[in-house]
Structure formats: structure tokens, C-alpha cells
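The values are calculated or read from the model by the stated rules, or taken from the named source; none is laboratory data. The structure presented is a predicted model; accordingly, all values stated were derived computationally and were not measured. Positions of Cβ are generated from backbone atoms using ideal geometry, with glycine treated the same way; all protein chains shown enter the neighbour counts. Remember, those area values only see protein heavy atoms, side chains included, never the ligands or the DNA or RNA. Shrake-Rupley method; radii C 1.70, N 1.55, O 1.52, S 1.80 Å.
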Amino acid sequence: MAITRKTKPTALPLFSERRPKFVTLKGAAQWAADYLQRTVTTANISYLIQYGKITKYERNGLVLIDIDELKKYYDSFDKKNRWKTALGEKINWHLSFEEYREAERTKHVHRLHPYKGKFIPQLVEYFLDSHIDEIKQEVYFKPGDLVLDPFCGSGTTLVQANELGIHAIGIDVSFFNVLISNVKVAKHNIPKIEQAVRELTIKLKNFRENSVYIDFDNHLLEELAKFNALYFPAPEFKQKISSGEIPEEEYVQQKETEFRKIYDNMVKKYDIKIEQDNKKTFLGKWFLYPVREEIDFLAKEIKNLSDQDVKNVLIIILSRTARSCRATTHADLATLKEPVTTTYYCRKHGKICKPIFSLLNWWERYTVDTLKRLVEFERLRTETHQFCLRGDSRTIDIYKEIRLQMPTRAELLNRKKISGIFTSPPYVGLIDYHEQHAYAYEIFGFERRDELEIGPLYRGQGDEARSSYIQSIAAVLKNCRKFLRDNYNIFLVANDKFNLYPAIAELSGMKIVNEFRRPVLCRVEKDRETPYSESIFHLREK
């Protein structure tokens, strides 16, 4: 019997001297790993099937892959050569870290909370580590040193410094950034956090127990499952879209409208409230009514906790949960467009999807994940000090603020001078750093200091914005220089498309002694197919 997408033939061997055309998922992953010279898992192959990139064949219930088709896909996606052509020969592919799987790029506490604009931990580790290779050629930091990150963000430098036995200080103007960073590097009482999580989850379930939204949501899921199985079968639907057999726009618009009638009738039947009355705040605009009720309930419970460390961890979990439960499409989670209050065709999943009516599932998922990541990091951590100060790096007196904010750590600076800086300054006109966590600021009433951001999106990328950016980054370097030892090393990660960093170095009284250009292959929640690079500028005293 011939192998088809529908038929079920017998199993084939993974490999032989003469490579078979069809292999199992495991065989496909093994072949791809050899062919690409990097780790490829069966989940990676399943992803290609799910999104219609390659065809799934079956025989006696066994999923089979056409190796020639898989090879054709990878050959058409030859990122390395394509990116080298676009970015130039000076690009340093060694610093792409393409060999690391997604789980390694977001290992342990690095994924406690989403954050725009962070670098991968392997990049920090490369420059902080005391090994030497043909590219780096010298050691910049060694165990026991003290490193500074004046744009701490979500704390990647602090976490990796800990792994390498290096002390680290971070500075950030954002209250929430400081909170994320310090939760990542703090030592926690895990059993105490687990107990608090159990109690809060029980309270949340009791709060929802008699909610009509539970019956509504379950009924809606049943109707969606039937409708999608009939009109959007996976992966056949996406394959037909890719091949042009189905005119996507016309077809999905018709089916979206068709299911919308089912949805509207269900809302009337259950007599439920979908939108909030006050849509002027972020929470009012971007969360459906039942989700907002649950957020407010959990926030109140967390605020009443007496243990500050437990409270901080739970704030991060609730913030992460809230972010995933905003009323938007799955494709627009990173860049919000318009609130979604009804069912819609989801281009990411290739079917009709629905907005979120309860945060319980995400809350349970993230509590488990957070505890697992904290335990993982606890096994790796070294007996070194890392902490993030809240302040403006242009003017902060690091010694004074440590004595005020973290007096128990003041002794560290009395014994050490800072060896250097590893940081990624904000890119001019790219991100509003407070606004990306607007939900957290509103839920917990944290103070915002947007006016202290350097190069925010709302100021644009014009001549005035660029000039202000140069002055501000130089002011940070000049202020931090006062706390550095002689023969310091400074590393600044930036995509300098406006060529601003030579002027920044000059204004700071420093010189760029080297520039490492690396391809950025895995931009978080960005276009991953367009060639993109960033530079690591190495600065020293002029």
C-alpha cells in the first residue's frame, strides 16, 4: 500500500545505508540535527507539521516524514548564508549562539517574566566568563570581580554573573524592572512560597466556584472544537492555505462571521457581561470583565501577605499571568492593536480562537513553572552578591544608594572597586519601558517614572531624540566611571543603525577598542526572518 496522508502503512526503519524517503519523527529529528549541525528535537519537527511547512504521512498510526521534503524546507531556509549576504562578511557567526535550543536561551529564572529588549544569557556569559578563545583573545572579568549593569532591565547580567561567581550591581529607573531583577537573584524560602501558592489557588477556585462564566467557557470550547474540526482541520487546512487550494481571506472571513453568530447567541443565553464599564485605564481596556475580577481578587490577597519575599514572587507570577490573559489575539500579544471581545480567526493557530474568560489555567501553569525555575537556579547559584538599585544611572551615587536601599550589602563596595560594565542601553525610539508593564503598575499601584527613560518610543527617532540619546548615554558612562577601577572594561550591546556610539564614546572620554558584530537569530516576539544584527562595543579609557 502506498504511503499517503490518509493511509496507514507499516513502520519503516529510521536509517539504512540507502536513506529511505520516509522516516519517523525521531528519525527526522536525528537527520535534521546531523544536516544542520545543531540540536533538533521531535517537537521542532512536529511544529513544522502543525504549521503546514512539511506534510505529515501516516502508516498504521505511525507518523512519517518525507526526508526530501524536509531537506527542501531547510535548504530554502538557509539562514546562515542568507544573513551573511545581507549583513556582510564582518558578522561574527560564532556569537549567534545558534547551537542553543530555546529552552537553553530562556533557562531557569531568565523566563520568570516576559521582557522586551533583553539579550540572551549566552551573550553575557561569553564576555563575563574567564575563558579565552580566538575571538575574545583576553579575559575581561574573573570570579570574585564586581560588574555593573546601569540599564539592568530584567536582570540578565546579574543572573549570569551569579552563575560565574561574579558579584554584580544593577541600576534601573523602572520599579518593576528592579523587582523582576531582584526576585531572580534573591534566595527564596521555596516551601513558604509553595504554601502561599496552594492557599491562593484554593481561594481563587472558591471565588470562581459558582461563576456562570465557567459553564459558558466550557460550552464555548465544545462548540469551537466541533467547528474547527469541520472547517479548520490541522494540519490539512494550513497545507491547503500554503498551496493556494483555499483562498484564505475570503474563506476565513466567511467562517469567522458564521461562528460569531454562534458566539453571540451563547452570550445572550448565559446573560453574561463581557466588557468592563470603564475602558479609560489599561486594565479597563485590555481585560474582559471576568478576568479583571479575578485579577483584582488575587492582587488584594497578595497585598495582604506579610512576608515581603513571598509577596514579591507572587507579584511577578500574577503580572506574568495577567499579561497572558489580555483581551487580544494570540498573534498580537507582543504588540497590542485593538481589544478582542469575541471569537476571531487566529492566523497563528489557523483556526477560530476565543478571548480569555479566566486566568486560572495560566495562574496554575505559571506558579508551577516559576517554582521549578527558582529551584533550578538555586542548584546553580554561587555564594556571590547581586542586587538591583532603583535610580537614574546618569546621576546616581552608587555607594550612597547601596547604604540606603541595601545596607547589608554596603560592605561589598567597601572592599571592591567595580571591574567594568556589561549592559544593553535602551535603543533610541524603540520601546516605552514602563508602558510594556502597564498592567503591573496599575494592578499594584507602583510608581512610574517614565520621564527618566532614555530614548523611549514616544520621543521618536528624529534628530532631537538622537542628540538627547547621545547626551544621556554619555552621562551614564561618565557618572558610572567614577565607581570603576583603573583599566576597566565596558561592553555595550546595541543595534547602532544611526551610528551614535562613536560620538557617545568621545563625549564620555572613552574610546571604542573593538566592535563585535553578531547576528540575532531569535528575536523575542519579533520578525525572525529579516536579517538583523547588533554590536557589542568594547570601550576603555581614552
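A few comments on the model shown:
- Modelled FRET efficiency - R0 60 Å, Tyr399 with Lys348, Cβ distances, 0.05 increments: 0.75
- For Trp286, the solvent-accessible surface computed with a 1.4 Å probe is close to 20 Å², ligands and nucleic acids excluded.
- Subtracting the Cα-Cα distance of Arg260 and Ala33 from their residue separation scaled by 0.36 nm leaves 77.4 nm.
- Under 14 Å from the Glu383 label point (7 Å along Cα→beta-carbon), backbone N, the range 130-158: 144
- Estimated FRET transfer efficiency (Asn499, Asn81; beta-carbon r; R0 35 Å; 0.05): 0.85
- Shown is the FRET efficiency for Arg198 and Ala331, computed with R0 = 51 Å from the Cβ-Cβ distance and rounded to the nearest 0.05: 0.90.
- Extension gain, Lys311 to Arg540: 0.36 nm times the residue separation minus the Cα-Cα distance gives 78.3 nm.
- Rounded to 10°, Cα long-axis angle of helix 248-270 versus longest principal axis of the chain: 90
- Solvent accessible area, Å² - His110, 1.4 Å probe, full protein context: 10
- Which labelled figure in (i) 47, 35, 18; (ii) 42, 33, 23; (iii) 39, 26, 25 is semi-axes √(5λ) of the Cα gyration tensor in Å, once derived from the coordinates: (ii)
- Among the lysines of the range 447-538, pairs that are 8 or more positions apart or on different chains and have alpha carbons within less than 27 Å of each other number 5.
- Proximal aspartates and glutamates to Lys372, defined as alpha-carbon separation beneath 20 angstrom and excluding residues fewer than eight positions away on the same chain: Glu102, Glu104, Glu163, Glu194, Glu199, Asp309, Glu364
- Packing order of peptides 168-176, 462-470, 348-356, highest average first: 168-176, 348-356, 462-470 (average count of other Cβ atoms within 10 Å over each peptide's residues).
- Against the chain, whose longest principal axis is taken from its Cα atoms, helix 67-76 shows a tilt of about 40°.
- A full extension of the chain between Asp296 and Arg449 corresponds to an added length of 52.7 nm, given 0.36 nm per residue minus the alpha carbon distance.
- When peptides 361-372, 114-125 are sorted by average Cβ neighbour count within 10 Å, with the highest value leading, the order is 114-125, 361-372.
- Among beta bridges that DSSP assigns inside the chain, antiparallel share in %, nearest 5: 60
- Charged neighbours of Arg390, selected by a Cβ distance under 11 Å, balance to -3 (K, R count +1; D, E count -1).
- Nitroxide proxy distance, nm - points 7 Å out along Cα→Cβ at Tyr47 and Asp133: 2.3
- Which listed pairs, of Lys56/Lys118; Lys107/Lys136; Lys205/Lys273, have C-alpha distances above 26 Å, in listed order: Lys56/Lys118
- Each label was represented as a point 7 Å from its Cα along the Cα-to-Cβ direction; for His219 and Glu464 these points are 5.6 nm apart.
- Angle between the chain longest axis and helix 289-303 axis [Cα atoms, degrees, rounded to 10]: 40
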